[in-house]
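Quick notes on the structure that follows.
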Amino acid sequence: MRIIIVDDHPIFRSGLRRVLEDYGHSVVAECADGESGVASARDLTPDIVLMDLHMPEGDGIEALKALGGDPPVLMLTVSEDASDMEAAMAAGAGGYVLKNAQPTDLVKMLEAVAHGYRVYPETNTARPDSDVMLSDRQRNVLDGLLRGRTHKEIAKMLGISQFTVRTYQERLMEKFGVASRAELIVCASGGHLPKDEGSSQ
């Protein structure tokens with residue numbers, strides 16, 4: 001993928017570039033503020049922009065609004081504040097990831113957002129609730145689906161079989177009233193994530 005990094009810390013940008021290039025991606029530009037990030041995105045048409053939320057010049061939220069979702073943007077930030085995440089997603093971010101994420105997780109999230117999925121941090125308190133009830137295990141499977149992971153990857157992560165993952169996906173589709181995995185992801189990532197049911201299934 002062709003990626004633009006927007007962050008006001010040059011040392012962080014340099015380290016992030018090395019990580020992304022190690023995974024086979026190309027960083028086509030580094031920008032120190034939202035305004036230059038928007039200009040570079042329009043000039044270079046990258047596959048995705050990786051952008052900090054809070055910068056001294058050119059706030060990430062304003063840059064998100066200016067880009068309007070084209071190209072997609074993954075916010076990379078230190079802020080675990082639910083209101084920051086809600087503001088970023090409302091402004092058009094394709095995902096929100098904390099700077100303490102593991103490199104492998106960051107790359108997977110980048111790839112998921114570039115392919116149209118919306119992704120969230122592991123510990124996310126900003127997702128709105130709905131009236132649908134989910135068990136802990138169903139929520140874990142849903143998290144994996146939202147991150148663009150395959151059934152095999154989710155099964156390995158949770159220590160269950162791929163058949164069991166498919167069964168959970170079918171139950172999730174029934175609960176959300178949708179007919180496909182794609183519809184499930186759209187529905188869940190659009191602010192309709194359910195409340196905890198308490199016990200695991």
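The values are calculated or read from the model by the stated rules, or taken from the named source; none is laboratory data. Here the structure is a predicted model, which is why all the values come from computation and not from measurement. A quick note on method: Cβ atoms are made from the backbone with ideal geometry, for glycine too, and the neighbour counts reach across all protein chains shown.
Quick check on residue 36: is it surrounded by fewer than 18 Cβ atoms within 10 Å (Cβ to Cβ), more than 13 Å from the chain's Cα centre (by Cα) and small (Gly, Ala, Ser)?
yes
Across region 58-81, the qualifying residues are those that are assigned to a loop (DSSP other than H, G, I, E, B) and modelled with pLDDT of 90 or more, and the one among them that is surrounded by the most Cβ atoms within 10 Å (Cβ to Cβ) is 72. You will find that of 56, 46, the residue that is closer than 17 Å to residue 4 by Cβ and not polar (S, T, N, Q) is 46 and no other. What are the residues in region 23-41 that are in a helix (DSSP H, G or I) and either polar (S, T, N, Q) or free of Cβ contacts under 8 Å to residues at least 24 places away in the same chain (or both), if any? Once the filter is applied, which keeps residues that are in a helix (DSSP H, G or I) and either polar (S, T, N, Q) or free of Cβ contacts under 8 Å to residues at least 24 places away in the same chain (or both), region 23-41 yields 36, 39, 40. Among the residues of region 52-72, is any within 18 Å of residue 96 (Cα to Cα), in the same structural domain as residue 16 (by TED's automatic domain parsing) and without any contact (Cβ under 8 Å) to a residue 12 or more places away in the chain? For region 52-72, residues within 18 Å of residue 96 (Cα to Cα), in the same structural domain as residue 16 (by TED's automatic domain parsing) and without any contact (Cβ under 8 Å) to a residue 12 or more places away in the chain: present. Among the residues of region 119-160, those identified as under 22 Å from residue 74 (Cα atoms), at pLDDT 75 or above and part of a loop (DSSP other than H, G, I, E, B) are 147, 148, 149, 150.
The number of residues in region 90-114 that are in a helix (DSSP H, G or I) and either over 14 Å from residue 64 (Cβ atoms) or touching a residue at least 60 places away in the same chain (Cβ under 8 Å) (or both) comes to 12.
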